[in-house]
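The values are calculated or read from the model by the stated rules, or taken from the named source; none is laboratory data. Here the structure is a predicted model, which means the values were calculated and not measured. So basically every Cβ, Gly included, is an ideal-geometry build from the backbone, and we count neighbours across all protein chains shown. The protein model used for the area step is the full one, side chains on, heavy atoms only, and it has no ligands, DNA or RNA in it. Shrake-Rupley method; radii C 1.70, N 1.55, O 1.52, S 1.80 Å.
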Amino acid sequence: MSAPPGVILAGGRATRMGGGDKGLRMVGGRRLIDHVIDRLAPQCGGLAINANGDPARLAGFGLPVLPDSLADHPGPLAGVLAGLDWAAALGATAIVTAAADTPFFPTDLVARLRAGAGPSGLCLAASPDETGRVQRHPTFGLWPVALRDDLRAALVGGLRKIVIWTDAHGAGQAVFDSAPFDPFFNVNTPEDIMTAEALMRAA
C-alpha cells in the first residue's frame, strides 16, 4: 500500500505569537516548518502546505500551497478539507496531516496512524499529558478522502471542533509515548520557542 500524501497545516493566524506565519519562526537555526518537512516527507507520498494569504511567501519550499476553500478561517478542519480536495485530484485515498508548529512529532507517525485507523479510515494521534490523561492531537491525523463531502457539509453547517466530527465517524486513536517529553509539543508563544530550543539542545 503506497504512503498517503501529507499536508502541513499552516493556516492559523498565530495570534499568541503576534501574528504572521508561525512555521517561518526560527528554532534551532532553522524554520519550524523545515523541521516538520524533514520529519513528514520520508513518511508520505508527497507533501503540500495548507496556508492562506499570498502563496509567494512559501514558494521556496517547492510544494503546493493549498488555501482554505471556505471563508472566515473556520479552523484546522478547513485545512484538512483543502488537503482532501487536493488528494482527491491526485487519486489518493487518504491524507496525513501535521501541524507546522510542531517540530518533534514521531518519525513513525504515519505507520502508527494507519495501524490505529477505525472502520471509517480515520485516526488521530494522542499522547498522555503530565497527569497521565491521554489527550488527542487533532491536527495530527489520517483522513480518508471518502469523507470529504461529509466534512464540507459539516463545516458549512457551522462545525468547528475537530473531535466532534471525528467521534461521529468512529475515529481510531494512535497513542504515542510522552517520555522524555511530549512529541506533539507545539510552539504557540515566544516562550515556547525558548522551550523548543532547549529541547533540541538536549536531544
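Worth a mention:
- One residue from Gly62, Gly6 being touching a residue at least 12 places away in the same chain (Cβ under 8 Å) and of a type in the set (Gly, Ala, Ser): Gly6
- Segment 140-162 residues that are closer than 23 Å to Ala115 by Cβ, paired with ones that are in a helix (DSSP H, G or I) and open to solvent by 20 Å² or more (accessible area, probe 1.4 Å) (beta carbon under 8 Å, 6 or more apart): Leu142/Arg114; Val145/Ala88; Arg148/Asp85; Arg148/Ala88; Ile162/Pro76
- Matching residues in segment 152-181 - criterion: being touching a strand residue (DSSP E or B) at 6+ places or on another chain (Cβ under 8 Å) and closer than 27 Å to Ala82 by Cβ: Ile162, Val163, Thr166, Ala171, Gly172, Gln173, Ala174, Phe176
- Matching residues in segment 44-92 - criterion: being under 9 Å from Pro5 (Cα atoms) and in contact with a helix residue (DSSP H, G or I) (Cβ under 6 Å, 6 or more places away or on another chain): Leu47, Ala48, Ala87
- All positions within segment 146-163 that are over 16 Å from the mean Cα position of the chain (by Cα) and open to solvent by 10 Å² or more (accessible area, probe 1.4 Å): Ala146, Leu147, Arg148, Asp149, Asp150, Arg152, Ala153, Ala154, Val156, Gly157, Gly158, Leu159
- Residues that are of a type in the set (Gly, Ala, Ser), in a loop (DSSP other than H, G, I, E, B) and loosely packed, with under 12 Cβ neighbours inside 10 Å, drawn from segment 164-203: Ala179, Ala203
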